[in-house]
Amino acid sequence: MNRLAHETSPYLRQHADNPVDWYPWGDEALTKAREEQKPILLSIGYSTCHWCHVMAHESFEDPEIAAQMNASFVSIKVDREERPDIDSVYMTFTQALTGQGGWPMTVFLTPDLEPFYAGTYFPPTDQHGRPGFPRLLASIEQAWRDQREQVVQSAATITERIRTASDSMAVRGGTISAVALGTAFDALRNSFDAVNGGFGGAPKFPTATTFEFLLWYHAGVSGDDAPPSALDIVTTTLTRMAHGGIYDHLGGGFARYSVDAQWLVPHFEKMLYDNAQLARVYLHAWQLTDDPLYERIARETLDYLLREMRDDAGGIYAAQDADSEGIEGKFFVWTVEEIDAALGTDEGALFRAVFAVTPEGNFRDPHHPDLVGRNVLSRPRPLEEIAAERGIDLVELTARVQELTTRMFEVREQRVHPSRDDKVIASWNGLALSAFAEAARILDDARYREAAAGIAGFLRERMWDGSRLLHVYAGGAAKVDGQLDDYANVGLGAIDLYRTTGDLDLLAWAAQLLEAAIERFHDDEAGGFFESPSDGEELILRPKPFFDVPTPSGNGSIALLALWLGRYFGRPEWEALGTEVIALVSHHLERAPSGFGATLQTLLLAVSPHLEVAIVGDPAARAPFEREMARHFMPTALLAPAANGGSLPILAGRDIATGAVAYVCENMTCDLPAVDVETFRDQLLG
């Protein structure tokens, strides 16, 4: 066992029995590299990454390749989810050098941590246009031995160029304009795949922040009625995804992405951040359309997280692997014979017709060509069509499909499950907090309210010390300085839970998180927010995250948090920080909208009329008003429930002795108090 055996990261522990002399990132490894003047081989990945597993089996478990690494390099393993700051720095370089990124990421550094060569997956022998890993190691070792001065100089030049490019990403002098919203929408509409949904071709990713922006745009901006409208784009995509193989039709939840343009064959790992964000998008689509499919998918996705990914103390785990028993997708795919054995020939035939299962199969694994006839479940045909074809009543068929799905899920439960990464990551749990809080409010479901409270309690008790948030909880302890998106996403989640419960203490906590983020991350000279804290570990680059990848960007999220809290607390200086971020990247919003969904939401909030809704009274009396509010998707409305008037400007002087009263206001100018739901509804929609 190497040094990684003592780590808490599941990804690092996966490599603990490699013959490679791995080091975790830290003083021991960096000191060794400096003292011995050896180059660093930095390998970055995560525990549920399929190609990380492949490279580990092919290269890091090979004694001869390990011997090469041990003789010539100081080899460092980093879990990108545990250290997103390190990952971000070296991904920036990898993308600049190769034009693409991904994991596993393989970067060669000087002892001063400056990169000079990078790539992603390398096979053990030359193939697919990539050099074999042993040949690459030999070339790097020879260059370091014979041309070290040139290598070091090249690394210094590359590093300086990356710093310059990073600094020029965002510039002062931009403007805040609602025009950018329409231009961004037009660009998204032009790249929309009207047949399959989503944007572009294969591989296809579920871009949740873009979907959310489009729903906000539909709700708040008129003039998008020409087909496809913003709502058309989202609903087409959500329907195709819900019927495709990217969705787990037996257990709920979404895989990371589809390898094809049709959402059929997924890369099977399930990530918390995808499922939290997509559940929220489906909830909002249901509010707008009342389509029962969207409610079902939202519930099944959240129920998957509660069933398989929740820590006993309330936090939600990071991810579930693509592989089981060393084979990608083995847990999720089916042959005709397996289905018929589980259900019988007749019921099996019906199940296979609904879920498009064929003897030929639709999934091939190049690493296991002997495994044939395997099917990813999907639902390409409407049930109405199958009911007519088989002469079955639609209601009866729907019930039978549900019963068969339940039976197949129970059969699948007997299989060897994929491994689970049991880290609790603050930023991802912030996204989950928002999703469960919104589900509790919109669906009036106590289970989701309890889950949201559990997440908030976990974060406050185990990862927040009253002034500082930590990034990851694993092995019974929290560690690693919180990053910008940790503070932002947890703060936004606290606001969502406040809107659900009326607990003003949650809003106060969100304000504490914002104040701590301003102190540790804000660039007082150039504007915007850095990814890592000012008092954290000093790396060769301190990026400012503006792109959604695929979680909301740190700057987009903190800007949204600052705008909301500025309005709740009457703090214009906080609102100014939000608009500052928008202005810094205003020149990008119209040209590359798919990377700025979070910032576009913030822009839409900034330019929308200030609608405030206060609902005052004890929880039972407020409930009818809150249920009415939950029927409407009003993403830019400031919702302020409370037991009594409080310190917030919108609540000041609104004490009430009994019952409940609702106030609908615009820019703090309010209609007459509504004491019944009918009046409240008229004011909301008026």
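The values are calculated or read from the model by the stated rules, or taken from the named source; none is laboratory data. Everything quoted here is computed from the prediction, not taken from an experiment. Backbone-built Cβ (ideal geometry, glycine too); neighbour counts: all protein chains shown.
At-a-glance table
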| quantity | calculated |
| --- | --- |
| Positions within the range 535-562 being within 19 Å of TYR90 (Cα to Cα) and over 16 Å from the mean Cα position of the chain (by Cα), in sequence order | GLY536, GLU537, GLU538, LEU539, ILE540, LEU541, ARG542, PRO543, LYS544 |
| Some residue of the range 135-144 being touching a helix residue (DSSP H, G or I) at 6+ places or on another chain (Cβ under 9 Å) and more than 30 Å from SER47 (Cα to Cα) | yes |
| Near pairs, Cβ below 6 angstrom, 6+ apart or cross-chain, from the range 419-440 (farther than 13 Å from TYR317 by Cα) to any residue that is basic (Lys, Arg) and modelled with pLDDT of 95 or more | ALA435/ARG280; GLU438/ARG280; ALA440/ARG449 |
| Residue in the range 545-564 that is in contact (Cβ under 8 Å) with a residue 12 or more places away in the chain, surrounded by fewer than 24 Cβ atoms within 10 Å (Cβ to Cβ) and small (Gly, Ala, Ser) present | no |
| Where a residue in the range 143-171 is in contact (Cβ under 8 Å) with a residue 60 or more places away in the chain and surrounded by fewer than 16 Cβ atoms within 10 Å (Cβ to Cβ) and its partner, wherever it lies, is assigned to a helix (DSSP H, G or I) and among the hydroxyl-bearing types (Ser, Thr, Tyr), with Cβ under 9 Å and at least six apart | ALA165/THR92 |
| Helices (runs of 4 or more DSSP H) enclosed by the range 258-345 - at least 3 residues per element that are without any contact (Cβ under 8 Å) to a residue 24 or more places away in the chain and among the hydroxyl-bearing types (Ser, Thr, Tyr) | none |
| Matching residues in the range 560-595 - criterion: being assigned to a loop (DSSP other than H, G, I, E, B) and not basic (Lys, Arg) | GLY570, VAL585, GLU590, ALA592 |
| Among (1) closer than 30 Å to ASP535 by Cβ; (2) at pLDDT 95 or above; (3) buried (at least 21 other Cβ atoms within 10 Å of the Cβ), the one test that PRO111 misses | (3) |
| In the range 362-378, the residues that are more than 14 Å from PRO266 (Cα to Cα) and in contact (Cβ under 8 Å) with a residue 24 or more places away in the chain | HIS367, HIS368, LEU371, GLY373 |
| Cβ-Cβ under 9 Å pairs, at least 6 apart or on other chains, the range 7-23 side without any contact (Cβ under 8 Å) to a residue 12 or more places away in the chain and in the same structural domain as GLU58 (by TED's automatic domain parsing), far side surrounded by 23 or more Cβ atoms within 10 Å (Cβ to Cβ) and not acidic (Asp, Glu) | ARG13/SER47 |
| Filtered residue count, the range 26-58, keeping only those that are in a loop (DSSP other than H, G, I, E, B) and in contact with a helix residue (DSSP H, G or I) (Cβ under 6 Å, 6 or more places away or on another chain) | 3 |
| VAL376, sole failed condition from (1) touching a helix residue (DSSP H, G or I) at 6+ places or on another chain (Cβ under 8 Å); (2) surrounded by 17 or more Cβ atoms within 10 Å (Cβ to Cβ); (3) of a type in the set (Val, Ile, Thr) | (1) |
